[in-house]
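Data block below; observations after.
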Amino acid sequence: MKTVLITGCSSGYGLETARHFLAQGWNVIATQRHPREDLLPPSPRLRLLALDVTRPESIANAVDAAGPIDVLVNNAGIGLFGAFEATPMATVREVFETNTFGLMAMCQAVIPQFRQRRAGVIVNVTSSATLAPFPLVAAYTASKTAVEGFTASLEHELKAFDVRVKLVQPGYGPSTRFTANGQQRMQGLIPEAYEPFAHSVFAGLGDIAAVTTEADVADGVWRAVNDTTGQLHFPAGADAVALAASR
């Protein structure tokens with residue numbers, strides 16, 4: 001029975017991915033900054049661990065407590081929506097600390113065991129913002145695009161040790177807490193000069209028919225984990241699939 005460690009399981013894609021792997025009979029280590037036992041169905045194959053990917057000691061403690069794993073899913077991330085001109089660099093760095101550097105630190109923490117066993121899979125979750133330019137998410141897109149380049153390079157160097165590395169690219173998920181979770185971080189990021197443009201962007205989001213659900217991403221992660229063809233990119237959700245096909 002295989003074991004997967006998934007970061008960012010408090011809501012959205014990470015939570016649904018944990019449910020999906022549990023349903024498939026896997027051992028699941030679901031990590032959250034503040035573990036809540038009521039979010040996932042009780043199971044002898046489920047463990048909850050506290051993890052903040054921006055804190056090295058938290059990563060070390062979680063990886064040590066997890067023990068040997070077969071798959072790492074780097075899903076933890078934070079959102080940011082606003083005019084880049086108005087975005088403090090401290091906020092940009094906060095986004096990179098979680099979305100980029102935290103993900104890289106998790107990879108670095110588990111690679112030794114994968115390399116030594118010559119087995120393992122790393123799945124990094126990014127965004128369809130890397131597939132096509134979207135307005136008012138410049139810093140967020142930068143953090144996810146960095147992960148795409150990092151992952152493509154990492155895939156090459158770990159292939160020599162039979163470790164597989166994959167990218168899952170979710171589309172626009174209005175049913176997630178992406179916006180709600182970042183409300184405080186986004187305060188004041190739409191200055192008056194940008195308001196007409198921002199209103200048109202918000203209106204456009206309401207007209208989008210093809211969107212991404214949590215189940216789409218869980219399925220995308222599942223396909224990535226089990227893929228042995230060498231495919232790197234796995235767009236998840238109807239809109240992400242369409243964007244990927246149009247490139």
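Observations
- Residue count for region 13-61 satisfying the condition of being closer than 28 Å to P235 by Cβ and among the acidic types (D, E): 1.
- Taken as a whole, region 185-192 holds at least one residue that is free of Cβ contacts under 8 Å to residues at least 24 places away in the same chain and over 17 Å from T17 (Cα atoms).
- Which numbered condition T87 misses (of (1) open to solvent by less than 60 Å² (accessible area, probe 1.4 Å); (2) within 20 Å of the chain's Cα centre (by Cα)): (2)
- Wholly within region 143-247, helices (runs of 4 or more DSSP H) carrying at least 2 residues that are at pLDDT below 95: 178-181, 183-186, 195-206, 238-246
- Lone qualifier among V110, V95 - being open to solvent by less than 10 Å² (accessible area, probe 1.4 Å), more than 25 Å from T212 (Cα to Cα) and in a helix (DSSP H, G or I): V110
- Qualifying residue in region 217-231 (condition: surrounded by 12 or more Cβ atoms within 10 Å (Cβ to Cβ), free of Cβ contacts under 8 Å to residues at least 60 places away in the same chain and under 20 Å from G12 (Cβ atoms)): yes
- Of the residues K159, K144, K166, the single one that is more than 21 Å from N226 (Cα to Cα) and basic (K, R) is K144.
- Strands (runs of 3 or more DSSP E) fully within region 1-65 that include at least 1 residues being open to solvent by 60 Å² or more (accessible area, probe 1.4 Å): 46-50.
- Residue check for A240: small (G, A, S) and open to solvent by less than 50 Å² (accessible area, probe 1.4 Å): yes
- Selected residue [touching a residue at least 40 places away in the same chain (Cβ under 8 Å), buried (at least 18 other Cβ atoms within 10 Å of the Cβ), in contact with a Lys or Arg (Cβ under 7 Å, 6 or more places away or on another chain) and of a type outside the set (G, A, S)] from L136, L103, L167, L80: L80
- Condition broken by A160, with the remaining ones in (1) under 18 Å from the mean Cα position of the chain (by Cα); (2) open to solvent by less than 80 Å² (accessible area, probe 1.4 Å) satisfied: (1)
- Residue list for region 113-128, restricted to those being among the hydroxyl-bearing types (S, T, Y) and in a helix (DSSP H, G or I): S128
The values are calculated or read from the model by the stated rules, or taken from the named source; none is laboratory data. In this text the structure is predicted, and so the values were computed from the model without any measurement. No Cβ is skipped: glycine too gets one built from the backbone with ideal geometry, and neighbour counts run over all protein chains shown. Ligands, DNA and RNA are stripped out before the accessible areas are found, and what is left, the full protein with its side chains, is counted by its heavy atoms. Shrake-Rupley method; radii C 1.70, N 1.55, O 1.52, S 1.80 Å.
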